[in-house]
1. Here is a list of conditions, (1) within 11 Å of chain B (Cβ to nearest Cβ); (2) in a loop (DSSP other than H, G, I, E, B); (3) closer than 22 Å to A:Leu103 by Cα, and A:Trp270 meets all of them except one; can you say which number that is?
2. Go through segment A:250-261 and count every residue that is buried (at least 24 other Cβ atoms within 10 Å of the Cβ) and within 10 Å of another protein chain (Cβ to nearest Cβ).
3. How many residues does segment B:41-58 contain that are at pLDDT 80 or above and under 29 Å from the mean Cα position of the chain (by Cα)?
4. From the list A:Gly165, A:Gly227, which one is small (Gly, Ala, Ser), surrounded by fewer than 21 Cβ atoms within 10 Å (Cβ to Cβ), closer than 18 Å to A:Ala104 by Cα and away from every other protein chain (no Cβ under 14 Å)?
5. For B:Arg115, indicate whether it is among the basic types (Lys, Arg) and touching a residue at least 12 places away in the same chain (Cβ under 8 Å).
6. Looking at (1) within 30 Å of B:Ile256 (Cβ to Cβ); (2) among the charged types (D, E, K, R); (3) modelled with pLDDT of 85 or more, which is the only condition B:Glu171 fails?
7. Restricting to segment A:275-321, and then to whatever is more than 8 Å from chain B (Cβ to nearest Cβ) and part of a loop (DSSP other than H, G, I, E, B), can you tell me which residue is nearest to A:Val84 (Cα to Cα)?
8. At least 2 residues that are touching a residue at least 40 places away in the same chain (Cβ under 8 Å) in each: list the helices (runs of 4 or more DSSP H) lying fully within segment A:1-112 that qualify.
Amino acid sequence: MRRLVAVRLLHAVVVLLVVATVAFLLIKLAPGDPFSYESTSLTAEVRAQLRAQAGYDRPLLEQYGRFLGNAVRGDLGYSQLLRVPVTKAIASRLPNTLLLMSLALSLSFAFGMLLGVFGVRHRDARAGRVTDRATLFVYSLPDFWLALMLLLLFAYWVPVLPAGGMVDPVMHPYMGPAEALWDRLKHLILPLTTLTLLLTAYIVRYQRAALLEALPADYVRTARAKGVSEGAVIGRHAFRNALLPMITLAGLAFPLLLGGAVFVEKVFSWPGMGMLVLTAISVRDYPLIMAAVMVAAAMVTLGNLLADIAYAWADPRIRTR
Amino acid sequence: MTSARARFGRLDAGTRVALVVLVVIYLAAFLAPVIAPYGPTEQLDIVGLKNQAPSFAHPFGTDRFSRDLLSRVLYGTLVSLSVATLAVLVSAVVGTLYGLVAATAGGVVDVVLMRALDALLSIPRVLLLIAILALWDPVPLWMLVVLLGITGWFEVARLVRAEALAAREREYVAAARSLGATGVRIMFRHLLPNVLAPVIVTTALNVGNVIVLEAGLSFVGIGAREPAASLGTMFQDGTEAFAGTWWGALFPGGVIVTIVLCFNVVGDALRSSLDPRQLGAARLGTHTAHLRVASATAE
């Protein structure tokens, strides 16, 4: 077990190094740099000065070394857009994404696993087929499309909910505590519904597959032979074994928790990580873009690492190896 | 060999409908230059025909530049389908080569190639594409195809490697090797035919996903753009003022959803008929591949 963790950690470090290198090369290969924007007030000398200040005139290898050194020390550069260190910009948006995503993920894992069991339990009945079809339909909806349709429906045609943002931009500071909370909830409903619907569909499919894979196993046959009801066979015996793939899924979902869903945040103007990246891109804030890519990659790596460890912890067959 | 018609007849109704719809959409898109009533960027009458609701003359309505939306959607489908189809082809070729080389070479080369693959897989595709497209903005359409292609081959490479590793142990490969066949010859003559079928299936089914991906990128303004507007570009365009002119977003968006839904229905049917033993597992595609790898290394 300890050896497995050590090996996985080493892999994670290598992966992050490769990602950092890719990020660095991307920046260097891209045409232009942060100081090549058009401006009449910028003379060639000033530009050169600015570049020298940022270290852009040094040899590439030296720049690479400094980039890596800074990244290791947690210094990801300075955002030109927000005029604060990149880490600070990320820290200011992270709670918003975390709020939305933790709610969406908890709800969808709960619904998804329940519906997955329900669908398999009634797989030969009408209810099961309806669940199956509905899941496939929702699963096929692009996130930005569903987000916009819900927005159109509930913010324009039946204007019961706000169209975007986290709070009412004008009235929120003047609201009492209860009213302010309701205001926040109202803003949360649409993005949360969009994400929960899509993630639930995803999880149901996963759960269903895992359950169906567990059904031909010997212990399921044993359970049936000794007269366990079909509901308990699926809900208890198969379900526990189908939980293992859920660990992988949780690992895959981990980056979403902190990285946010770019398109959904964009549609609902949710001021989270995804929006931050999009804004950074629209004004070509290079350090912020690269930091976002690296942070996201780190999240994926961490998610995989945690999933691997959790897998080994939960499954003795892996642990004993 | 069963005839194609007999096979088609054995599919369930939903799958048949999905297949037919896909064929119709592909045909309509590729016949767009012939059947579209107007050009995609043709401004009919900027004063009199602006933002017209759907009617007999303009079944999908017109947009704020008085362009006929039916024609635009037809051409946009053509762009979306072409971009996605070509991109998955690029992915298939790169992924197949990578996986074959890893499996044939084995040893250290295999380990290094697979570790590199892990690293590449850990960069979220959407974010990487957004970063690249924004840094090189504006990107020509063929470049968009290449970018979508070279960020989508990782799963193919894993699949191919796994299949090729299995095929490598067969007797005919040993026979070929003892006859003095080179590694390259074994790779292309003996391993490639074995991995082709699963590659073609996953590739074909991925078209739907890539259409969504491209549409998403176009939706934030960095994918396909005028004059080669895709469905995503049009959907974005339609949402700009969509409260009043709902048709501008509804029809391009509807086509995207229809295409993806059909691909997923066909995919589900295909996977469960290829692998009836486990009705579910294979349905997950990429993520089961991940699972498989995890459990394969664990056993």
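The values are calculated or read from the model by the stated rules, or taken from the named source; none is laboratory data. All values reported here derive from a predicted model rather than from experimental measurement. Reconstructed Cβ throughout: ideal geometry from the backbone, glycine too, with neighbour counts over all protein chains shown.
1. Failed condition: (1).
2. Result for segment A:250-261: 2.
3. Here the count works out to 0.
4. Going through A:Gly165, A:Gly227 in turn, the sole match is A:Gly165.
5. Answer is no for this residue.
6. Unmet condition: (1).
7. Ranking the candidates gives A:Asp285 first.
8. Working: elements: A:2-29, A:44-53, A:60-72.
Helices (runs of 4 or more DSSP H) meeting the threshold: A:2-29, A:60-72.
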